[in-house]
Amino acid sequence: MAPRAYWRGSLKLSLVTCPIALYPASTQAEKTHFHLINTRTGNRLRQQMVDVKTGRVVEPEDKGRGYELSKDRYVPIEENDLDAVKLESTHSIEIDDFVPADHVDERYFERPYYIVPDGKVGADAFVVIRDAMQRRDKLALGRVVLASREHIIALKPFGKGLLGITLRYPYELRDAEDYFEDIPNPKISRDMIELAGHILDQKSAKFDPRKFKDKYETALRALVKRKAAGKTIEAPEPEEREGNVVNLMDALKQSLSRKRGGTRRSAHPARRRSSSHSRRARKAG
């Protein structure tokens, strides 16, 4: 059974309108969460707001928002001040543009949502919009008001429905050049790139998120289970770090031969693929 819709409204494309419901596509509910407790009594703790100057506890009615103009100088922002800039939700996603699906910089992707028709009325219009986008490999860009803020949202066909992804604004992204400008540009031989390419070929696979295992989450659950059973917890010895690679070409060759050795023990087609990679690697060498 699907959870309650996070947002309900309509999807508009020119004069075509259909009612839709929007559901969060991700959840944190399955992750292990901890509460703050008093280690002496085992009781849960409740946080209090404290004035950093006086050290006194501040009552709820005295709490407010403030914007820091300079060090320890704030301008108070009242609730009615925020109401002056609050956006009224139109409860609609109006499509402004259609762009090629691969033209959106992935750094802008923020949060995914499932979008489905809200009832049978308008389902035909929903399917028409979805299938037209899929046939032309287009991604729709629109605007939606969520939690009093307007978000740019990208829509793309996803199974029988649509996947809506809220996008970050340009001011939320850091400039990549600030991080990449100091990366050196050494001259790499074609042989090294060929060897690395063979390793990539041997490790090529289809994207399967079921292979992703959250080892830390699994360890956390095991830890909680052991603690609840009264068992002691001992931290493992830290692993020794491997030394720096002295010769990149040797490391590539060893990586390739290690993978090739593993494929010899597999089925015949894999042996044939491995042998072809071996011949190409010898030529590259």
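All of the numbers you see were taken from the coordinates with simple rules; none came from a lab. Since this is a predicted model, take the numbers as computed values, not measurements. Here Cβ is always computed from backbone atoms with ideal geometry, including for glycine, and neighbour counts include all displayed protein chains.
One table, with the values for the structure above:
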quantity: Overall dimensions of the chain as given by Cα atoms, namely Rg and Dmax in Å; calculated: 27.9, 77
quantity: Mean residue ellipticity (222 nm) of the chain, computed from DSSP H runs ≥ 4 via -39,500 (n - 2.57), nearest 500; calculated: -9500 deg cm²/dmol
quantity: For the chain, size of Cβ-based charge dipole, Lys and Arg +1, Asp and Glu -1, in debye; calculated: 2580 debye
quantity: Choice from VAL52, VAL116, VAL145 with maximal GNM fluctuation in the chain (Cα, 10 Å cutoff); calculated: VAL52
quantity: Angle between the chain longest axis and helix 248-264 axis [Cα atoms, degrees, rounded to 10]; calculated: 80 degrees
quantity: Label zone at ALA196, where the point sits 7 Å out along the Cα-to-Cβ direction: region 151-184 residues whose backbone N lies under 13 Å; calculated: 184
quantity: Options SER26, SER14, LEU248, ranked by Cα towards positive dipole end of the chain, top entry (Cβ charges); calculated: LEU248
quantity: Part-to-part distance (alpha-carbon centres) for region 88-122 and region 159-198, which is given in Å; calculated: 25 Å
quantity: Burial ordering of TYR179, TYR171, fewest other beta-carbon atoms within 10 Å first; calculated: TYR171, TYR179
quantity: Helix 268-284 axis, angle to the chain major axis (alpha carbon atoms, nearest 10°); calculated: 80 degrees
quantity: Among the listed pairs LYS31/LYS156; LYS120/LYS160; LYS31/LYS160, those beyond 20 Å (Cα-Cα); calculated: LYS31/LYS156; LYS31/LYS160
quantity: For region 46-93, the Rg and Dmax computed from alpha carbons only, in angstrom; calculated: 15.6, 48
quantity: Ranked list, fewest to most other Cβ atoms within 10 Å of each Cβ, for HIS91, HIS35; calculated: HIS35, HIS91
quantity: Assigned charges on the beta-carbon of Lys, Arg, Asp, Glu; region 25-164 dipole about Cα centre (debye); calculated: 680 debye
quantity: Amide H within-cut-off set for ILE20, under 5 Å, with H built and near neighbours excluded; calculated: GLY9, SER10, LEU11, ASP118
quantity: GNM result for the chain, Cα springs below 10 Å: residue of LEU22, LEU223, LEU87 fluctuating most strongly; calculated: LEU223
quantity: Extension gain (nm, one decimal) between ASN247 and PHE98, 0.36 nm per residue minus Cα-Cα; calculated: 48.7 nm
quantity: Net length gained if the chain between GLU234 and ARG143 were fully extended (0.36 nm per residue, minus Cα distance); calculated: 27.6 nm
quantity: Listed residues GLY142, LEU82, ALA222: farthest to the positive end of the dipole of the chain (Cβ charges); calculated: ALA222
quantity: Fluctuation leader among GLU150, GLU239, GLU106 - the chain, Gaussian network, Cα springs under 10 angstrom; calculated: GLU239
quantity: Alpha-carbon spread of region 1-139, three principal axes, descending order, Å; calculated: 64, 40, 32
